[in-house]
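Please read the structure below before turning to the comments.
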Amino acid sequence: MPEPDFFFALDMSDEPEFDRMVGELALVVIGAVGYASGVTEELTCALRAAVAARVAGGQRRCTVRFLAGAGQLQVVVDGGGGPEWRTTRPLPA
């Protein structure tokens, strides 16, 4: 398997400020990939909602991963025994 162009992961557990931390993280990471502000905001909102749904469901531990390669960015939220959340977007040109 070829090496990804970019990989970043964060394992979070029982953080009372998940929303703020995930929002700031997403804005920085997704923005650094080079998306326009509208796409960055859309992905950030979707990611924050995915993490918030886990917390509301009682899951207090999750991993957020950003993987860029093969012309696309994957954003994944998993952990805590629930189904993973994933979205994929083409990388900006």
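Each Lys and Arg contributes +1 and each Asp and Glu -1, all at the Cβ; summed about the Cα centre of the chain, the dipole is approximately 180 debye. Relative contact order for the stretch 16-93: 24 percent, from Cα pairs under 8 Å spaced at least 6 residues apart, divided by residue count.
Coupling constants for the stretch 62-79 follow from the phi torsions by the Karplus curve (6.51 cos²θ - 1.76 cosθ + 1.60, θ = phi - 60°), and in residue order they are 7, 10, 10, 10, 10, 10, 10, x, 6, x, 9, 10, 10, 10, 10, 10, 8, x Hz; glycine and proline get x. For Rg/Rh (Cα atoms, Kirkwood Rh), the candidate list reads [x] 1.23; [y] 0.96; [z] 1.20; the entry that matches the value derived from this model is [y]. In the full protein context, the chain carries 58 Å² of accessible surface per residue, based on a 1.4 Å probe and ignoring ligands, DNA and RNA.
Split the accessible area of the chain by element, probe 1.4 Å, and carbon with sulfur accounts for 56%. From a point 7 Å beyond the Cα of residue 60 in the direction of its Cβ, which residues of the stretch 69-90 have a backbone N at a distance under 17 Å? Inside the label zone: 79-82.
For the stretch 20-42 versus the stretch 53-86, the inter-centroid distance based on Cα atoms is 15 Å.
The values are calculated or read from the model by the stated rules, or taken from the named source; none is laboratory data. It should be emphasised that the depicted structure is a prediction, and the values quoted were computed from it without experimental measurement. Backbone-built Cβ (ideal geometry, glycine too); neighbour counts: all protein chains shown. Please note that ligands, DNA and RNA were not included when accessible areas were found on the heavy atoms of the full protein model with its side chains. Shrake-Rupley method; radii C 1.70, N 1.55, O 1.52, S 1.80 Å.
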